[in-house]
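Below is one structure, written out as structure tokens; the observations come after it.
The values are calculated or read from the model by the stated rules, or taken from the named source; none is laboratory data. Small disclaimer: the values here were computed from a predicted structure and weren't measured. Ideal geometry is used to build each Cβ from the backbone, glycine not excepted, and the neighbour counts take in all protein chains shown.
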2 protein chains.
Amino acid sequence: MVLSSISASECPAGKTILASSVAKLYASEIQAGLEKLGRKPKLVGFLSNSDPAARMYADWTAKSYLENGFDFELLEVDKEELEDHIFQANKDVSVDGIMIYFPVFGNRQDQYLQQTVASSKDVEGLTHLYVQNLYHNVRYLDEASTKKSILPCTPLALVKILEYLNAYNMHLPYGNRLYGKTITIVNRSEIVGRPLAALLANDGAVVYSFDVDGVQKFTRGDGIKLRRHQVSDIEIPLQDAAQVSDVVITGVPADSYKFPTEYIKDGAICINFSTAKNFDKDVKSKASLYVPSIGKVTITMLMRNLLRLIENTNVN
Amino acid sequence: MVLSSISASECPAGKTILASSVAKLYASEIQAGLEKLGRKPKLVGFLSNSDPAARMYADWTAKSYLENGFDFELLEVDKEELEDHIFQANKDVSVDGIMIYFPVFGNRQDQYLQQTVASSKDVEGLTHLYVQNLYHNVRYLDEASTKKSILPCTPLALVKILEYLNAYNMHLPYGNRLYGKTITIVNRSEIVGRPLAALLANDGAVVYSFDVDGVQKFTRGDGIKLRRHQVSDIEIPLQDAAQVSDVVITGVPADSYKFPTEYIKDGAICINFSTAKNFDKDVKSKASLYVPSIGKVTITMLMRNLLRLIENTNVN
């Protein structure tokens, strides 16, 4: 009698996956990289605003980097002097990597600032060279394929989480392992949502990308022949996209936003990368796997990218 | 008796200066450049939207380029294929310069697109290399000072207009010829308003830069010692800034916006670079010189930049 009164939402089918479970898979790779290097790589982080989320991200980076045997220095500088400090860090041979905790100005000037970081020290993978390589599915920086291009850390973290959750089918050939998967992404920022949609489409998925401007569909056409994705503007309600989606990824930076649980296809994977909680607490009544936040994986990818930057420099 | 009834606004003190008067000053320089080159330089313009202002700009460029003995090709391509076309044009040795008629996507993706143009063909001067040089007051691309950096065409056009109007004092040393001048700019876009403010401050002016985010003051401090400008957030009403400004420059893309004539200091120079008319029809009751639009100078600067790009390539 008691059991029969338990509703579906009180007895969720889904499982929560913590980012730490994914992050720890890369711990040994990172430690091996550090040992091979034989010194502490140094990341410099720049904080030029009082945004509490940016400070939290800075504190997390510091803690993780130091715990893992990296060197980390947080520089808090006036936003008007930030560019000069970045130039100094670009030239400073003791600095291996640079990151900026955005927002700084909170407008397009931030995109300018991103480009002032030397690509050889761009641990976030946001300078034009790397982003362009991502969109064009170019994986190496040189013709001899000795230097891997750097992927933007948050999209990369999401790919690593999807690999861990077996959304990538390892039986399919590399570069096509999301073939047959449909993915809805609510966010099309230049930092995460758009590069993520391109990455996933380059790997074979059909992606519905939602933002305030409308919906875009990222696909690789027939999924086999094309080297890179195609994009088209389409009109499809969020509900219709979600109900055919194996994966739903959200990144809406607003506490008031909740992705409607009833839109989610039974058994879908749901991942939130916003600092706000974009899924309702009953999400697991529908989702099979739910990842409430991804910060720890992102920071792990920042370490991995830093080691890769140093490798690329040493290849020269 | 009739004369005494004429009000100030019916008998304006100010004079309208047409952009064509400024543009024609550069005609002989451009013709000399073409003769020295001995061939027609080719500009390719990309139009990927149905914005009437963008099409008008494209038509103007075509007309001016062809009339002046340049080669011009307008390519209308789907916005999703634009990046591939830019890549082809970057590689095409028959193409000397490339420009994109924005908006394409109308969001931050347009800033990404700007960066896909090879800087050696960037006639608009909007790739990061050139913009960074502008902000840092770096005038050459090489240490030997043989290759001049390219300035963004619209800010450059505004500088040329201010030179023509004698806002630049030729008796002062080069690089400090706006010393003592105060300038109000209503627009702080990354394409015009912000680089313009930096250029003018680098030349010695005190600049009040207004946009929806607030007001910034660009200055070179004491105007002599510093190599480049400094920026600070300040609070000053538009009226107070305007009333101490020798020059007022507007770029608000809205027909409904009018700069209040009563704010203008008697005898100020007023220049509008928006496609909308940002000054009221009584502007000349206050302004000594009024430039209602600047398009022809901008297009002239596009030709000048194209010749400079070719010179820079030939120096190699």
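Points worth noting:
- Of the residues making up region B:18-49, those that are of a type in the set (S, T, N, Q) and without any contact (Cβ under 8 Å) to a residue 40 or more places away in the chain are B:SER28, B:GLN31.
- Residue list for region A:77-111, filter: aliphatic (A, V, I, L, M) and either in a loop (DSSP other than H, G, I, E, B) or assigned by TED's automatic domain parsing to the domain that holds A:THR275 (or both): A:VAL77, A:VAL93, A:VAL95, A:VAL104
- Residue check for A:VAL283: in contact (Cβ under 8 Å) with a residue 60 or more places away in the chain and touching a Gly at 6+ places or on another chain (Cβ under 8 Å): yes
- The residues on offer are A:GLY193, A:GLY214, and the sole one that is at positive phi and within 14 Å of another protein chain (Cβ to nearest Cβ) is A:GLY214.
- Subset tally (residues that are buried (at least 18 other Cβ atoms within 10 Å of the Cβ), under 19 Å from A:GLU83 (Cβ atoms) and without any contact (Cβ under 8 Å) to a residue 60 or more places away in the chain) for region B:139-167: 3
- Of all residues in region B:84-138, exactly one satisfies the criterion of being away from chain A (no Cβ under 13 Å), within 20 Å of A:GLN115 (Cα to Cα) and surrounded by fewer than 20 Cβ atoms within 10 Å (Cβ to Cβ), namely B:SER120.
- Which numbered condition A:ASP203 misses (of (1) at pLDDT 95 or above; (2) closer than 21 Å to A:CYS270 by Cα): (1)
- Of the strands (runs of 3 or more DSSP E) contained entirely in region B:153-247, those carrying at least 1 residues that are within 18 Å of B:HIS136 (Cα to Cα) fall at B:206-211, B:214-219, B:230-234.
- Members of region B:287-304 found to be closer than 18 Å to B:ASP246 by Cα and buried (at least 24 other Cβ atoms within 10 Å of the Cβ), listed by number: B:ALA287, B:VAL291
- Taking the criterion of being at pLDDT 95 or above and outside any loop (DSSP other than H, G, I, E, B), the residues of region B:38-57 that qualify are B:LYS42, B:LEU43, B:VAL44, B:GLY45, B:PHE46, B:LEU47.
- Any hit, region B:253-263, residues being within 14 Å of chain A (Cβ to nearest Cβ), closer than 27 Å to B:LEU134 by Cβ and outside any strand (DSSP E or B): no
- Residues in region A:143-173 that are within 20 Å of the chain's Cα centre (by Cα) and polar (S, T, N, Q): 4 in all.
- Test: residue in region A:282-294 that is under 21 Å from A:VAL212 (Cβ atoms), more than 14 Å from chain B (Cβ to nearest Cβ), of a type in the set (A, V, I, L, M, F, W, C) and part of a loop (DSSP other than H, G, I, E, B): no
- Test: residue in region B:69-76 that is touching a residue at least 60 places away in the same chain (Cβ under 8 Å), in a loop (DSSP other than H, G, I, E, B) and out of contact with any helix residue (DSSP H, G or I) (no Cβ under 6 Å at 6 or more places or on another chain): yes
- Screening A:PHE105 on (1) touching a Lys or Arg at 6+ places or on another chain (Cβ under 7 Å); (2) within 20 Å of A:ALA23 (Cα to Cα) shows it passes everything except condition (2).
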